Number of protein chains: 4
Amino acid sequence: MHAPRFLETVMQEGENKPRRSIGARRNPETEEAILNAAQEVLQEAGYAGFSIEAVARRARAGKPTIYRWWRGKGDLLLEVYRRSKGNFRFPDTGDLAEDLTLFVGKLLGHWRTNRSGQIFRSILAEAQHDEITAEAVADYFVDRRDYVAGMAERAQRRGELAPDIDPKLVAELAVSFAWNRLFTHRCEIGEDELRAIMRIIVHGAAAKSAAIPSSPARR
Amino acid sequence: MHAPRFLETVMQEGENKPRRSIGARRNPETEEAILNAAQEVLQEAGYAGFSIEAVARRARAGKPTIYRWWRGKGDLLLEVYRRSKGNFRFPDTGDLAEDLTLFVGKLLGHWRTNRSGQIFRSILAEAQHDEITAEAVADYFVDRRDYVAGMAERAQRRGELAPDIDPKLVAELAVSFAWNRLFTHRCEIGEDELRAIMRIIVHGAAAKSAAIPSSPARR
Amino acid sequence: MHAPRFLETVMQEGENKPRRSIGARRNPETEEAILNAAQEVLQEAGYAGFSIEAVARRARAGKPTIYRWWRGKGDLLLEVYRRSKGNFRFPDTGDLAEDLTLFVGKLLGHWRTNRSGQIFRSILAEAQHDEITAEAVADYFVDRRDYVAGMAERAQRRGELAPDIDPKLVAELAVSFAWNRLFTHRCEIGEDELRAIMRIIVHGAAAKSAAIPSSPARR
Amino acid sequence: MHAPRFLETVMQEGENKPRRSIGARRNPETEEAILNAAQEVLQEAGYAGFSIEAVARRARAGKPTIYRWWRGKGDLLLEVYRRSKGNFRFPDTGDLAEDLTLFVGKLLGHWRTNRSGQIFRSILAEAQHDEITAEAVADYFVDRRDYVAGMAERAQRRGELAPDIDPKLVAELAVSFAWNRLFTHRCEIGEDELRAIMRIIVHGAAAKSAAIPSSPARR
DNA sequence: GGCTAACCGAGACGGTACGTCGTGTCTTCCC
DNA sequence: GGGAAGACACGACGTACCGTCTCGGTTAGCC
């Protein structure tokens, strides 16, 4: 009748002796242990099973220790995510549609395989009722969009995109698509389909080599 | 993170006598009362304060009555949302970009002004840790995308879109954009910017009046 | 602590069509079905699993039908017990200690094997907080005691018991012992031990063939 | 059958501020408050109205706090009972029949006057559908029987009882008698009648001053 | 032979309690 | 003063059963 605790309490794998205070300052070992535990809990039990209690149990830490350094779930999640995201560098193939296909494909793939999607999805969820997380997410969106906008800008400079197009808009469409796939749990996608979508975006913003009215009819 | 309780128990406003069973069938009065209560709780206390208990208290209903008809929080939220959004009928202007601008603009506006944005955001959050809601949201996304895909299909039939384009892809881009704006708390948007984005989508899928190579190799 | 439900819904074994009303009077079939169901539920799931709901499910009867004819759990239990108890007749061996050993042994054995002990234990439990059941139990105790007192009286008439002994007291000791064993879940007992106990009772009440001071010291 | 609620929420009488944790160990104030609340609820609303919820409300304690220290209703009831019964010390009068008369008389009297009879009855009822309580009651029975068996043993040592008699049997008869009186709601008893019964038990186990065949065949 | 009355099944309803989980705060003891 | 530990009040979770109610359908007895 008791709770299923068997996931967290098992596998301390290394240390059996609890960490102690190292004096009147933050113990980096403890911080590390908590962040690791948070990540593991998230990956194994998902956002639904992600609780301060579970993290504390797993990290062999006291709850007050967590609350001392983080303001709550959202705060902790954000730091976990920041730690976990690798910094992809993407090659410039000279073709924006290919660049985007590569980028979004890699992103979805990463979310699919590493269960890191779980982490990010949790943050998005948290952001829906936590002001701090919400701001962080909005900022992060802009950051990612602007990163992609950089690709688009380069494409624009080499003439792939029409000069009057804001590269940010192109970027937003691509990033929105990816994020949406994530939180509607539809990260599976074929490369062909993905390329088709990215092409729509790029073509829609493309420089016209012939006289194509940018909109058929001005209403 | 805990919810304020002082809001629900006050305000019975009308009836004090509890509703009774009306036989071996669902009581529409009860259903109505529960949905109303759910909406009110959500608006007053937000997603954080939204609990089945609070709804039951407010509706003067038994918890089992709620669980009899809805599978949980997410299910209830979804129905509240469906009830709250009016059923817009969108005119067919003959120009898909305009149709989409109108549609997405109305949608974002609706989320901005009414509290329905909050409701839907709550659903999205719920979907991240509740399987049932997740499925419902995925279904709902497909439903909305297909509704928009209908517009795109009509445009395709009248020659606005290239015949080899899947209208669903066009629709997904538009809907993803809107949803993303919602859950990144960026529902504010100028009409011009919105139109520019919708045009990128539509033009990207547009029938070419001439053979324009938009990507180096058509595989 | 809650009862398993998987037992009742299975096995309707015979009738699938529900019984109908036979007019403005009690349907004996229904009564029979409810009492049978009550007994079965009690035997299979014990007092813990005995609920009006379970009985109604099992009997394919409506709850109000049960409440129409019985005032509640205790009422129903009592009728079930009255129906179920066989009327043992015990031979008169000419030796009261043997008679009692036989009687109590049979009783404990019956409770042990038939699970009818379950039923009686449930009634005893119910009697602790239900006035009506309590009275019925008290009456029933007197009834059983007096039945045993009958044996003792015969023994007294043939000179086995001292003439100044109230046979009821002898009977109460024997019956108390048995009932107590039941509700402390200690119905298992060896025949030798049982005989030893019954002998204590009988000897204690026996006619003295020699001058034995009935109590060593009159304080 | 439902319990009245209007009793517990009223009457906070003293403290309004909830007790706090006093560190990583049991708070004796809390324990005290819970036991008191349990006793009060039982006395005011009876076993039917005795619920963990009611106790928690009354004690201004969290339900989990109760479940942390007691395994359930029965466990709590048992401790309340143990607390409520004083620890009588019984004089050794040198006459076992008198000792038992005194003991059982005191016991029945205690059950009659204090509400402790009701408490103990509740425990017995609980034991019929709760495994944990059942074990506890069985243990408690053995404990009480052995306490009485101690008296009998002393009597045996001084020659009052036959050497081949198990004092436990004598004790069981006496305790069974008392318990049975309790749960058949027949605690009223005259001292003479009680003494007569105890004498039967003691005489039945008494050392015979001569070889007196009291039953045809000594096995 | 239609009307009424009561029965019966079904199951919804407002409730209360169950036993578990997580929250964020607290205190104590050890370093 | 940091950190582990865990108790504490609180409140939500989802389920079970309570006893009452209304329904639709049935049958019997009365007018």
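Note on the range B:97-131: among residues that are modelled with pLDDT under 90 and over 16 Å from the mean Cα position of the chain (by Cα), the one that is nearest to DNA strand E (Cβ to nearest atom) is B:H129.
State the number of residues belonging to the range A:31-48 that are among the aliphatic types (A, V, I, L, M), within 11 Å of DNA strand F (Cβ to nearest atom) and either in contact with a helix residue (DSSP H, G or I) (Cβ under 6 Å, 6 or more places away or on another chain) or more than 26 Å from A:H185 (Cβ to Cβ) (or both). Counting residues in the range A:31-48 that are among the aliphatic types (A, V, I, L, M), within 11 Å of DNA strand F (Cβ to nearest atom) and either in contact with a helix residue (DSSP H, G or I) (Cβ under 6 Å, 6 or more places away or on another chain) or more than 26 Å from A:H185 (Cβ to Cβ) (or both) gives 3.
The residues of the range D:49-71 include none that are small (G, A, S) and more than 14 Å from DNA strand F (Cβ to nearest atom). For the range D:149-168, a residue qualifies if it is assigned to a helix (DSSP H, G or I) and either away from chain C (no Cβ under 12 Å) or loosely packed, with under 15 Cβ neighbours inside 10 Å (or both), and the qualifying residues are D:A149, D:G150, D:M151, D:E153, D:R154, D:Q156, D:R157. Against the definition (more than 21 Å from A:I119 (Cβ to Cβ) and at pLDDT 90 or above), how does A:R26 come out, yes or no? So A:R26 does not fit the description; no. Considering the range A:107-116, and only residues there that are of a type outside the set (S, T, N, Q) and open to solvent by 60 Å² or more (accessible area, probe 1.4 Å), the residue that is nearest to the other protein chains (Cβ to nearest Cβ) turns out to be A:R115.
For every residue, the table says whether it meets (1) crowded, with 17+ Cβ neighbours inside 10 Å; (2) under 24 Å from C:I197 (Cα atoms).
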position	(1), (2)
C:G105	yes, yes
C:Q118	yes, no
C:A127	yes, no
C:E135	no, no
C:L173	yes, yes
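Against the conditions (1) in a helix (DSSP H, G or I); (2) open to solvent by less than 30 Å² (accessible area, probe 1.4 Å); (3) in contact (Cβ under 8 Å) with a residue 24 or more places away in the chain, D:C187 satisfies every one except (1). When we screen A:D146, A:D99 for residues that are more than 10 Å from every other protein chain (Cβ to nearest Cβ), over 25 Å from A:N36 (Cβ atoms) and surrounded by fewer than 17 Cβ atoms within 10 Å (Cβ to Cβ), the only hit is A:D146.
Taken together, the residues in the range C:30-87 that are open to solvent by less than 20 Å² (accessible area, probe 1.4 Å), within 16 Å of DNA strand E (Cβ to nearest atom), under 13 Å from C:S116 (Cα atoms) and assigned to a helix (DSSP H, G or I) amount to 3. The test for being modelled with pLDDT of 95 or more, more than 9 Å from every other protein chain (Cβ to nearest Cβ), under 17 Å from the mean Cα position of the chain (by Cα) and assigned to a helix (DSSP H, G or I) holds for D:A171.
Taken as a whole, the structure leaves C:A178 outside the set of residues that are over 12 Å from the mean Cα position of the chain (by Cα), among the aliphatic types (A, V, I, L, M) and open to solvent by less than 30 Å² (accessible area, probe 1.4 Å).
Out of curiosity, is B:K63 out of contact with any strand residue (DSSP E or B) (no Cβ under 8 Å at 6 or more places or on another chain) and within 14 Å of chain A (Cβ to nearest Cβ)? When the stated conditions are applied, B:K63 does not pass them.
Within the range A:41-60, residues that are among the charged types (D, E, K, R) reach partners that are more than 15 Å from DNA strand F (Cβ to nearest atom) with beta carbons closer than 7 Å, at six or more positions or on different chains, in the pairs A:E44/A:L7; A:R58/A:E40; A:R58/A:V41.
The values are calculated or read from the model by the stated rules, or taken from the named source; none is laboratory data. Nothing here was measured: the structure is a model prediction, and the numbers come from that model. For neighbour counting, all protein chains shown are included, and Cβ atoms are generated from backbone atoms with ideal geometry for every residue, glycine included. Surface accessibility is based on the protein's heavy atoms, side chains included, excluding ligands, DNA and RNA. Shrake-Rupley method; radii C 1.70, N 1.55, O 1.52, S 1.80 Å.
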